[in-house]
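Engineer: Quick one: structure below, then a few questions.
The values are calculated or read from the model by the stated rules, or taken from the named source; none is laboratory data. Values in this document were obtained by computation on a predicted structure and should not be read as measured data. All Cβ positions, glycine included, derive from the backbone under ideal geometry; neighbour counts span all protein chains shown. These area figures cover heavy atoms from the full protein model, side chains too; ligands, DNA and RNA do not enter into them. Shrake-Rupley method; radii C 1.70, N 1.55, O 1.52, S 1.80 Å.
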Amino acid sequence: MILDSQKSILITGGAGFIGSNLCDHFLSKGFRIVCLDNFATGHRHNISRHFDNPNFKLIEGDIRNLETCRLAVDGVSYVLHQAALGSVPRSIHDPITSNDVNVSGFLNMLVAARDAKVKRFVYAASSSTYGDSEALPKVEDKIGKPLSPYAITKYVNELYAEIFSNTYGVETVGLRYFNVFGRKQDPNGAYAAVIPKFVMQLMNHESPVINGDGTYSRDFTYIDNVILMNELAISTENSLAINTVYNTAFGDRTTLNDLVHYLKQFLSEFEPAIAEVPIIHGPNRDGDIPHSLASIDKAKSLLGYAPAYSFRDGLREAVRWYWENLREKK
């Protein structure tokens with residue numbers, strides 16, 4: 001299906017890393033965008049260039065407030081629900097707030113979308129749902145027991161989405177994100193993701209700390225692949241492709257040791273001395289799974305997904321973006 005650019009899309013968490021990239025993409029295609037964010041983890045500078053765009057509307061509010069959710073979905077055709085409190089360590093430190101945002105807030109958005117008769121509700125699920133399952137690659141219908149409060153919240157999202165599809169007829173699609181990285185991902189804060197955090201440390205000639213011996217591996221997924229999956233999820237007319245969940249990944253895995261090797265290689269093209277920055281190894285982190293690798297066969301089959309960027313190509317693009325945009329802020 002070719003999306004009608006006259007339709008409106010609500011992007012919750014639209015000032016965050018993934019949400020703001022989705023805003024950029026769909027505004028560039030002529031859509032009307034409503035961005036809902038409380039700026040707990042998102043940033044105004046991620047969306048400030050759209051403030052004068054008549055097709056962009058910002059609602060500053062919290063998904064934990066049902067009336068705010070109702071206001072946000074008014075008149076929109078699609079919801080791309082990105083708002084959440086991410087991070088396994090954060091959820092271990094404060095499980096109550098993670099549950100309030102990720103479960104109660106998610107339910108508020110589903111109720112608001114149902115009542116507003118939104119065409120389709122696409123939401124950010126998580127690879128953490130696979131929990132203690134050791135099977136590789138990860139296949140959508142085979143999960144294990146959650147290993148953190150965060151993982152529990154994201155699995156509950158999937159259960160609620162299925163109930164709302166079966167009971168109320170709400171079209172839902174869940175996208176299980178696998179270690180997304182790329183432009184505008186925040187390198188700062190206690191819960192910063194590993195790639196932007198390591199990039200900033202290396203640019204500062206500081207030693208990154210790898211949790212464990214560096215053999216843990218992840219299916220690192222460049223932001224443009226995630227944008228593509230969101231577009232496919234709201235545009236598909238295949239009835240078999242909705243009311244289900246998909247791995248959203250590249251379909252390959254990289255160890256943390258290899259990640260740091262590539263980061264040093266790409267950054268040293270800008271500043272050769274970075275290649276000599278030593279690496280430190282620390283203890284493994286609570287709640288971390290050893291390995292993560294997605295099967296993307298389901299997304300290929302039902303959505304026609306073909307990743308636009310490999311891990312290395314995406315990482316090179318991300319490194320260039322950080323060097324050009326954040327180097328002065330060292």
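Engineer: Which condition from (1) under 13 Å from Arg176 (Cβ atoms); (2) over 20 Å from the mean Cα position of the chain (by Cα); (3) buried (at least 18 other Cβ atoms within 10 Å of the Cβ) is the one that Ala113 breaks?
Structural biologist: Here Ala113 meets the rest and fails (1).
Engineer: If the requirement is being more than 30 Å from Arg120 (Cβ to Cβ) and of a type in the set (D, E, K, R), which of these qualifies: Arg218, Arg183, Arg253?
Structural biologist: Exactly one of Arg218, Arg183, Arg253 is more than 30 Å from Arg120 (Cβ to Cβ) and of a type in the set (D, E, K, R), namely Arg253.
Engineer: For the range 139-148, check the following and say yes or no: at least one residue is over 16 Å from the mean Cα position of the chain (by Cα) and outside any loop (DSSP other than H, G, I, E, B). Explain how you work it out, then say what you get.
Structural biologist: The initial filter retains those residues of the range 139-148 that are over 16 Å from the mean Cα position of the chain (by Cα), namely 139-148.
Pick out the ones that are also outside any loop (DSSP other than H, G, I, E, B) and you get none.
No, the conditions are met nowhere in the range 139-148.
Engineer: Sticking with this one: Within the range 181-192, can one find any residue that is within 22 Å of His93 (Cα to Cα) and among the aromatic types (Phe, Trp, Tyr)?
Structural biologist: yes
Engineer: Being open to solvent by 50 Å² or more (accessible area, probe 1.4 Å), in contact (Cβ under 8 Å) with a residue 12 or more places away in the chain, more than 22 Å from Arg327 (Cβ to Cβ) and not β-branched (Val, Ile, Thr) narrows it down to one residue among Asn243, Asn230, Asn204, Asn225; which is it?
Structural biologist: Asn243 is the lone residue from the list that is open to solvent by 50 Å² or more (accessible area, probe 1.4 Å), in contact (Cβ under 8 Å) with a residue 12 or more places away in the chain, more than 22 Å from Arg327 (Cβ to Cβ) and not β-branched (Val, Ile, Thr).
Yes or no, residue by residue, for (1) part of a loop (DSSP other than H, G, I, E, B); (2) of a type in the set (S, T, N, Q):
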| position | (1), (2) |
| --- | --- |
| Phe250 | yes, no |
| Gln265 | no, yes |
| Ile274 | no, no |
| Asn284 | yes, yes |
| Asp288 | yes, no |
| Lys298 | no, no |
| Tyr309 | yes, no |
| Gly314 | no, no |
| Ala318 | no, no |
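Engineer: Out of all the residues in the range 234-241, is one or more assigned to a strand (DSSP E or B), under 22 Å from the mean Cα position of the chain (by Cα) and hydrophobic (A, V, I, L, M, F, W, C)? Before you say what the answer is, go through the steps one by one.
Structural biologist: Step one: filter the range 234-241 for residues assigned to a strand (DSSP E or B), giving none.
For the range 234-241, residues assigned to a strand (DSSP E or B), under 22 Å from the mean Cα position of the chain (by Cα) and hydrophobic (A, V, I, L, M, F, W, C): absent.
Engineer: Quick check, is Asn230 assigned to a helix (DSSP H, G or I), of a type in the set (S, T, N, Q) and in contact with a strand residue (DSSP E or B) (Cβ under 8 Å, 6 or more places away or on another chain)?
Structural biologist: For Asn230, the condition - assigned to a helix (DSSP H, G or I), of a type in the set (S, T, N, Q) and in contact with a strand residue (DSSP E or B) (Cβ under 8 Å, 6 or more places away or on another chain) - is met.
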